[in-house]
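Derivation of every value follows stated rules applied to the coordinates shown; laboratory data play no part. Quick caveat: nothing in here was measured; it's all calculated off a predicted structure. Every residue, glycine among them, receives a Cβ derived from its backbone with ideal geometry; neighbour counts consider all protein chains shown.
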Amino acid sequence: MHATPLLSARDLRTFYPVTGGFWKKTVSQVRAVDGVSLEIRAGEIVALVGESGCGKSTLGFSLLGLTLPTSGEIELLGEPIDIRDAVSWKKHRRDFQIVFQDPYTALNPRLTVFELLAEPLKTHGLVPSAGLKDAVVELLRQVGLPEDSLQRFPHAFSGGQRQRLCIARALGVRPKLLVCDEVVSALDVSVQAQIVNLLLDLRRDHGLALLFITHDLSLVRSIADRVLVMNAGKVVEEGPTAELFANPRDEYTRTLLAAVPTLKRKKKVVGC
C-alpha cells in the first residue's frame with residue numbers, strides 16, 4: 001500500500017438545515033455526518049456499516065463532493081480540496097467514482113449501452129473516436145456482458161445486469177477508488193454474490209480501492225480489510241475486520257453483531 005492515502009478526511013461534517021415558521025427560518029440542523037475522520041489507501045477494501053439513517057450514504061457522497069460538506073478537511077491523492085467549492089472537485093472526478101444503490105434509476109433510459117459507456121470516455125478524452133467501440137466492448141467483457149448489448153437500452157436488462165453496466169461506466173474512466181453504496185441490496189440474493197465477486201475481481205485486476213457502504217455484516221466479514229461502524233452521524237468504532245468482529249469495543253457495534261442472523265439447530269420440544 002502507498003504511504004499517502006488515496007482519500008483522507010478530518011473532522012468532516014455535513015448538516016442539513018431544518019426550517020420552520022412563516023418565514024422558513026432555520027430552526028435546527030440534521031447532523032447527517034458529524035465529525036468523521038478516516039483514511040482509505042490504495043487497493044484497500046473499507047466497509048462502512050450501520051443501520052439505515054445513520055449517515056453512511058451521506059458520508060460517501062460528501063467524500064466525493066456529490067454533497068458539499070458543511071465543514072472539515074478532505075485530501076484526494078494528498079492534495080487538499082476546498083470542500084465548499086464544487087469546481088475544486090473536478091480535477092479528481094476521474095479518480096473517485098461511485099456505484100449507486102438502485103441500478104434502475106442510475107442509468108438514463110433514453111441512451112443505448114454504447115452511449116452510456118462511451119459518454120464518460122469522450123468527456124475525459126480517454127479514447128479517440130475511432131477506438132470508442134472497441135473500448136466499450138472491452139468494458140462489457142470485463143463486467144461479464146456480451147457485445148450484442150451495445151445497441152440495447154437499460155430496460156432490456158435485469159437488475160444484476162444493470163448494476164454490471166453501472167460498474168462498467170464507473171470503471172471506464174480508470175478510477176483509483178470506487179464507492180459502492182449498497183450496490184447489492186436492491187438485487188436478488190442469487191445475483192448478489194455475482195456482483196460482489198465481480199468487484200473483487202476488478203479490485204485484483206485494477207488495484208482498485210473500495211469503500212463498501214452496506215448493512216450486511218455477513219458480507220463485510222468475508223470481503224473487507226477494515227470496518228468503520230457509524231451511528232447517528234459519527235464513526236463509533238473502526239479496526240481490522242477480524243479484530244472488530246472478534247472483540248467489538250463499542251456497545252452499538254456489539255448490538256449490530258448480535259443482530260446478524262445465524263443458522264442454529266432448534267432443540268426439539270416434546271409436548272405433554
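Per-residue ellipticity at 222 nm for the chain, helices alone: DSSP H runs ≥ 4 residues times -39500 (n - 2.57), over residue total, nearest 500 deg cm²/dmol?
-9000 deg cm²/dmol
Remark: the stretch 97-111, residue by residue, has Karplus-estimated 3J(HN,Hα) of 10, 9, 10, 7, 5, 9, x, 6, 9, 7, 10, 5, x, 8, 9 Hz, where x stands for each Gly or Pro and the curve is 6.51 cos²θ - 1.76 cosθ + 1.60 at θ = phi - 60°. DSSP loop chymotrypsin sites (Phe, Trp or Tyr not before Pro) in the stretch 1-92 with at most 12 other Cβ atoms within 10 Å of their Cβ, which ones? Here the sparse-neighbourhood loop sites are PHE22, TRP23. The length gained on full extension between ALA258 and SER52, counted as 0.36 nm times the residue separation minus their Cα-Cα distance, comes to 72.5 nm.
Kirkwood radius and radius of gyration were both taken over the C-alpha atoms of the stretch 104-174, and their ratio Rg/Rh is 0.92. Peptide packing for 126-132, 179-185 was compared via the average number of neighbouring C-beta atoms within 10 Å per residue; ordered from the highest value, the list is 179-185, 126-132. Between ALA118, ALA86, ALA224, the GNM of the chain built on Cα springs shorter than 10 angstrom shows ALA86 fluctuating the most.
Shown here for the stretch 157-231: trypsin sites (Lys or Arg not before Pro) in loop regions (DSSP other than H, G, I, E, B) with at most 12 other Cβ atoms within 10 Å, of which there are none. Cα gyration tensor of the stretch 49-205, axes a ≥ b ≥ c as square roots of the eigenvalues: rounded (a/c below 1.5), prolate (a/b > b/c) or oblate? Oblate shape, in that a/c is at least 1.5 and b/c is the bigger or equal ratio. Comparing LYS56, LYS133, LYS25 in a Gaussian network model of the chain where C-alpha atoms under 10 Å apart are linked, the largest mean-square fluctuation is found at LYS25.
Fewest neighbouring Cβ atoms within 10 Å first, the residues THR19, THR67 line up as THR19, THR67.
Structural descriptor for the chain: relative contact order 24 percent, calculated from alpha carbon pairs under 8 angstrom and at least 6 residues apart. Is the chain rounded, prolate or oblate when judged by the Cα gyration tensor, a ≥ b ≥ c being the square roots of its eigenvalues, rounded requiring a/c under 1.5 and prolate requiring a/b larger than b/c? Oblate is the answer for the chain, as a/c is 1.5 or above yet b/c matches or exceeds a/b.
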